[in-house]
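The values are calculated or read from the model by the stated rules, or taken from the named source; none is laboratory data. Bear in mind that the values here come from a model prediction, so they are computed numbers and not experimental data. Cβ placement follows ideal geometry from the backbone for every residue including glycine, while neighbour counts extend to all protein chains displayed.
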There are 2 protein chains.
Amino acid sequence: MTLQNAPGTRDFPAEQAIARQRLTNVLRGVFELYGYNPLETPVLERFDVLASKYAGGAEILKETFKVNDQGKRQLSLRYDLTVPMCRFIAMNPNMKLPFKRYQIGEVFRDGPIKLGRYRQFTQCDVDVVGVKGMSADAEIACIAQFAFAELGLPATIKLNSRKVLNGILETAGVRKEKMETAILSIDKLEKIGRNGVEKELNEKRIPKQSITRIMELTSATGTNQARIDQLRFSLKSDQGIEGMNEVESLISFIPDSSNIEFSPSLARGLAYYTGTVIEAFLTGSEIKSAVAAGGRYDKMIGNFLGTGKEYPAVGVSFGLDVILDALQIAGLRQKKAVSVAYIIPIKAFKEASSIAQKLRNAGIKAGIDLMERGISRNLEYAASAGIQYAVIVGEQEMKQARVKLRNMQTGEEKLATVEEAISILASHTPSYPKSNKNTG
Amino acid sequence: MTLQNAPGTRDFPAEQAIARQRLTNVLRGVFELYGYNPLETPVLERFDVLASKYAGGAEILKETFKVNDQGKRQLSLRYDLTVPMCRFIAMNPNMKLPFKRYQIGEVFRDGPIKLGRYRQFTQCDVDVVGVKGMSADAEIACIAQFAFAELGLPATIKLNSRKVLNGILETAGVRKEKMETAILSIDKLEKIGRNGVEKELNEKRIPKQSITRIMELTSATGTNQARIDQLRFSLKSDQGIEGMNEVESLISFIPDSSNIEFSPSLARGLAYYTGTVIEAFLTGSEIKSAVAAGGRYDKMIGNFLGTGKEYPAVGVSFGLDVILDALQIAGLRQKKAVSVAYIIPIKAFKEASSIAQKLRNAGIKAGIDLMERGISRNLEYAASAGIQYAVIVGEQEMKQARVKLRNMQTGEEKLATVEEAISILASHTPSYPKSNKNTG
């Protein structure tokens, strides 16, 4: 027996599990503030559902874990949360629209294990199904704004529309069958620079004058409105103009658009986006990859269901791992323990136990020594466990109806009544930099 | 393609997902109040870890879902949270003890699908590893007490020790090889009654006078202390006396033992328990099965690791599904939506949108119409979505710097400033009957 994790999977001990929970609680709180309800779908799905033509596509299917049950049915582990949502919608045809749901859950990909790539990871998706208008896209962008503000991470939300990209390519005279591959190159503008993109487009045999035109059209400058006006003026494409109007309308629905950036080269890799594409980046962070991404996919659910009914949809997915990295880099103090207090009885377990209960009744997270250890070993344990305060309950303290509160970081000690101790400990509840809102 | 769930799995739409989240939040909150940290282990585990001799045993292994990865490694889906915790402890040999952790997670069993049996279900486990003394067992019992009090579900916590049961059987002259099977019958006392147990023991060829003695010893009456005294007086078994002392010590560590019941027939099916066994039952509920159960398993982790080091452990597992049923029966109002408010703009989307933002900044969960529907269709939608208040934002209301608040249940309408609306809506945050404590 190899006492190891399955390859590509991770354990999250206290410190990491606490950080993950705090983050998912903030995201969940923000999703709910916007009126999105939770949906839970199972980890196991029928293989044929995930393998459907309009599901995740061939690449992802190669990485799908297959499972057989005792009835020899072919099952699998979900590779995302979108396809299961489509199945849920199909099974609930009388559902009232719009359907606004979020789901935070584990997904599985049997792919090569590289740095930062795991076989089990968490997706945090929020989607609205049933709304054609740009107010929905704006709401999704606002959720991303709100979430990063709540987390104290300054972010820029970049927006574009696939229709704008198609319009740019039409205007530049790129042929239809080259459009998808050209979009993949343009999307790399920020990563590989202007020259890199030109080189790639050249290798893909896009004509020179088309490349020049593409580079012009994607480099509109100035405010969002200035860029929109420039592009709308230059585009010779109905689809492009439609896209520009959508982007303009989208931005107009966002109350504070100061960190919203219309970026005509933004594409997102996935082929199923039909309109808006969104990516969030952290401002002034060494993390350069997107921390949240999504867009509008008006065809996917309808195609998947095959009933002819339309299900316009738009959503965004938050990258749990990358946001956790960013929080750590931003210096968010990680907690090794949920407890604020560790109670050390000195020959007074029952009194200490009753004090513990008073703290808990007041909402203070407090462990108590169960090992009957001496005070110095107990202090060592509390220190190594990362607990902020030791509460020493001994005969001496009890005589004065006091406990001894020891700040484990400073070593400072203070006699306090239980009520005083509660008020000191209560002020040590963790919060994010800007988390003065009740997102619970 | 069959657009269905994998057999034995369930979707949890908003109403159920909200109820599940509220329940797991309460449990999580209580576990943390006692200083237990979260641990997250993955869904996928190596098959040989789960198949280890000292893991879950042959019965459970038959029901283990097997998964192969692209590297042809045999993996599987975890069937419980205890074996992964053992693996985690093995991989972290320098871990400071006691190790107090909780985990709420999905587990998988490929068994026959019956009413109330699922192939994916949630376990909520809380365990302390490294403490021999009964203060740990008492803490685990207190966690169960606290959790059901917090949920507003009156419960009785039944306690016993395997040592007491063994002592009863020794005293009754049952041979060693018959003990395990006799225990399984005695455990059914409440379910099948005295006659039923006698009949089973008889079929198992336990001698008549032994059966009579067993029935005497398991039917001690009176207060916990009276039962303890009676049994201690009657038991002719060192192990039994040791067990009695442990039970007495355990109960003495519980500050309020009014709903603690020493029950000498309580056994719990699982063979790995070595001392204390615990089961929680709801008082005056139609739900007769245990809602939480656990006990002490001092050998399991050490055997599993095979290093000779001892890892005494005690824990309890809460039954999410059965507790949800109980909450529903107890009349807990289920919520169909997280939102308290649904904002209906009448030709005033931007004003309405800015009001929505003010509500959210104040922690009010509020959706807004994105479909530009008329007021009556919007009210229908809010009603069917189960949202308590509609907030109507129209030109008329805006002129008076007011919004119209409509209580969707009573139909009552009221003009209010945004600040007034916030304070009315804030008072509608859901809580459990007795949840005045901060367990967030």
I need every pair where a residue in region B:113-130 that is more than 21 Å from A:R46 (Cβ to Cβ) and assigned by TED's automatic domain parsing to the domain that holds B:V316 has its Cβ under 7 Å from the Cβ of a residue that is in a loop (DSSP other than H, G, I, E, B) and hydroxyl-bearing (S, T, Y), sequence separation at least 6 or different chains.
B:V126/B:Y36; B:V129/B:Y311; B:G130/B:Y311
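Okay, residues lined up against (1) in contact (Cβ under 8 Å) with a residue 40 or more places away in the chain; (2) within 14 Å of chain A (Cβ to nearest Cβ):
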| position | (1), (2) |
| --- | --- |
| B:E139 | yes, yes |
| B:A147 | yes, yes |
| B:I206 | no, no |
| B:R213 | yes, no |
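Within region B:151-174, is there a residue that is free of Cβ contacts under 8 Å to residues at least 60 places away in the same chain, out of contact with any helix residue (DSSP H, G or I) (no Cβ under 7 Å at 6 or more places or on another chain) and in a loop (DSSP other than H, G, I, E, B)?
Of the residues in region B:151-174, the ones free of Cβ contacts under 8 Å to residues at least 60 places away in the same chain are B:169, B:172-174.
Checking the rest, the ones that are also out of contact with any helix residue (DSSP H, G or I) (no Cβ under 7 Å at 6 or more places or on another chain) come to none.
No.
Find the residue count for region A:21-52, including only residues that are in a helix (DSSP H, G or I) and either touching a His at 6+ places or on another chain (Cβ under 7 Å) or more than 7 Å from every other protein chain (Cβ to nearest Cβ) (or both). Quick ask: steps written out before the conclusion?
If we filter region A:21-52 for residues that are in a helix (DSSP H, G or I), which is where we start, we get A:21-33, A:47-50.
Among the residues that remain, those that are also either touching a His at 6+ places or on another chain (Cβ under 7 Å) or more than 7 Å from every other protein chain (Cβ to nearest Cβ) (or both) are: A:22-31, A:47, A:50.
Residues in region A:21-52 being in a helix (DSSP H, G or I) and either touching a His at 6+ places or on another chain (Cβ under 7 Å) or more than 7 Å from every other protein chain (Cβ to nearest Cβ) (or both): 12 in total.
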Which condition from (1) more than 10 Å from chain A (Cβ to nearest Cβ); (2) over 20 Å from A:Q16 (Cβ atoms) is the one that B:D125 breaks?
(2)
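Considering every residue within region A:8-18, establish whether at least one is under 30 Å from B:L359 (Cβ atoms) and out of contact with any Leu (no Cβ under 7 Å at 6 or more places or on another chain). Lay out the reasoning, then the answer.
Step one: list which residues in region A:8-18 are under 30 Å from B:L359 (Cβ atoms), which gives A:18.
Those still in the list that are out of contact with any Leu (no Cβ under 7 Å at 6 or more places or on another chain) too: A:18.
Yes, some residue in region A:8-18 is under 30 Å from B:L359 (Cβ atoms) and out of contact with any Leu (no Cβ under 7 Å at 6 or more places or on another chain).
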Specify the residue that is nearest to B:K96 (Cα to Cα); the eligible residues are those in region A:307-334 that are modelled with pLDDT under 90 and within 14 Å of chain B (Cβ to nearest Cβ).
A:Q334
Of all residues in region B:53-77 being touching an Asp or Glu at 6+ places or on another chain (Cβ under 9 Å) and hydroxyl-bearing (S, T, Y), which is surrounded by the fewest Cβ atoms within 10 Å (Cβ to Cβ)?
B:T64
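Name every residue in region B:175-207 that is within 16 Å of B:L270 (Cα to Cα) and not in a loop (DSSP other than H, G, I, E, B), in order of residue number. Explain how you work it out, then say what you get.
In the first step, residues of region B:175-207 are kept if they are within 16 Å of B:L270 (Cα to Cα); the result is B:178-188.
Within region B:175-207, B:K178, B:M179, B:E180, B:T181, B:A182, B:I183, B:L184, B:S185, B:I186 qualify.
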Select from region B:87-99 the residues that are closer than 21 Å to A:L370 by Cβ and in contact with a strand residue (DSSP E or B) (Cβ under 9 Å, 6 or more places away or on another chain) and list them in ascending order.
B:F88, B:I89, B:N92, B:M95, B:L97, B:P98, B:F99
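The rows are residues; the columns are (1) touching a Lys or Arg at 6+ places or on another chain (Cβ under 7 Å); (2) farther than 22 Å from B:A348 by Cα; (3) among the aromatic types (F, W, Y).
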site: B:V391; (1), (2), (3): no, no, no
site: B:Q396; (1), (2), (3): no, no, no
site: B:K399; (1), (2), (3): no, no, no
site: B:L405; (1), (2), (3): yes, no, no
site: B:L415; (1), (2), (3): yes, no, no
site: B:S427; (1), (2), (3): no, yes, no
B:V393 passes all but one of (1) touching a residue at least 24 places away in the same chain (Cβ under 8 Å); (2) facing chain A (nearest Cβ under 9 Å); (3) buried (at least 18 other Cβ atoms within 10 Å of the Cβ); which number fails?
(2)
Note on B:D127: of the conditions (1) part of a loop (DSSP other than H, G, I, E, B); (2) within 30 Å of B:E246 (Cβ to Cβ); (3) of a type in the set (D, E), unmet is (1)
Can you tell me which residue within region A:179-238, out of those that are of a type in the set (D, E) and surrounded by fewer than 17 Cβ atoms within 10 Å (Cβ to Cβ), is nearest to A:S252 (Cα to Cα)?
A:D229
Please state which one of A:I254, A:I228 is part of a helix (DSSP H, G or I) and assigned by TED's automatic domain parsing to the domain that holds A:F318.
A:I228
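May I ask you to verify whether A:S210 is part of a helix (DSSP H, G or I) and of a type in the set (S, T, N, Q)?
yes
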Does any residue in region A:232-246 that is outside any helix (DSSP H, G or I) come within less than 6 Å, Cβ to Cβ, of a residue that is among the charged types (D, E, K, R) six or more places away or on a different chain, and which pairs are these?
A:S237/A:E170
The condition of being touching a strand residue (DSSP E or B) at 6+ places or on another chain (Cβ under 6 Å), aromatic (F, W, Y), more than 7 Å from chain B (Cβ to nearest Cβ) and within 29 Å of A:E59 (Cβ to Cβ) holds, among A:Y118, A:Y102, only for A:Y102
Being more than 7 Å from every other protein chain (Cβ to nearest Cβ), part of a helix (DSSP H, G or I) and not hydrophobic (A, V, I, L, M, F, W, C) is the filter here; which residues of region A:335-365 pass it?
A:K350, A:E351, A:K358
Evaluate region B:276-297: report whether one residue or more is modelled with pLDDT of 95 or more and either farther than 28 Å from B:G116 by Cβ or in a helix (DSSP H, G or I) (or both).
no
Residues within region A:2-19 that are at the interface with chain B (Cβ under 7 Å from one of its Cβ atoms), assigned to a helix (DSSP H, G or I) and under 27 Å from A:R101 (Cα atoms), tallied:
2
Candidates B:T212, B:T156 - the one that is polar (S, T, N, Q), farther than 30 Å from B:I323 by Cα and at pLDDT 95 or above:
B:T212
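How about region A:57-70: which of its residues are within 7 Å of chain B (Cβ to nearest Cβ) and either assigned to a loop (DSSP other than H, G, I, E, B) or in contact with a Gly (Cβ under 8 Å, 6 or more places away or on another chain) (or both)? Give the derivation first.
Just the residues of region A:57-70 that are within 7 Å of chain B (Cβ to nearest Cβ), to begin with: A:65, A:67, A:69-70.
Once the filter is applied, which keeps residues that are within 7 Å of chain B (Cβ to nearest Cβ) and either assigned to a loop (DSSP other than H, G, I, E, B) or in contact with a Gly (Cβ under 8 Å, 6 or more places away or on another chain) (or both), region A:57-70 yields A:F65, A:D69, A:Q70.
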Given the criterion outside any helix (DSSP H, G or I), within 9 Å of another protein chain (Cβ to nearest Cβ), modelled with pLDDT under 95 and surrounded by 17 or more Cβ atoms within 10 Å (Cβ to Cβ), identify the matching residue among A:T429, A:T439.
A:T439
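Considering only residues that are within 17 Å of B:V403 (Cα to Cα), out of contact with any Gly (no Cβ under 8 Å at 6 or more places or on another chain) and either touching a residue at least 40 places away in the same chain (Cβ under 8 Å) or crowded, with 24+ Cβ neighbours inside 10 Å (or both), which ones fall in region B:333-354? Full working, then the answer.
From region B:333-354, those within 17 Å of B:V403 (Cα to Cα) are B:340-354; that's our starting set.
Filter again for out of contact with any Gly (no Cβ under 8 Å at 6 or more places or on another chain), leaving B:340, B:344, B:349-354.
Those that are within 17 Å of B:V403 (Cα to Cα), out of contact with any Gly (no Cβ under 8 Å at 6 or more places or on another chain) and either touching a residue at least 40 places away in the same chain (Cβ under 8 Å) or crowded, with 24+ Cβ neighbours inside 10 Å (or both): B:V340, B:I344, B:E351, B:A352.
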Filtering region A:313-334 down to residues that are in contact with a strand residue (DSSP E or B) (Cβ under 7 Å, 6 or more places away or on another chain) and not in a helix (DSSP H, G or I), which residue is nearest to A:S161 (Cα to Cα)?
A:V314
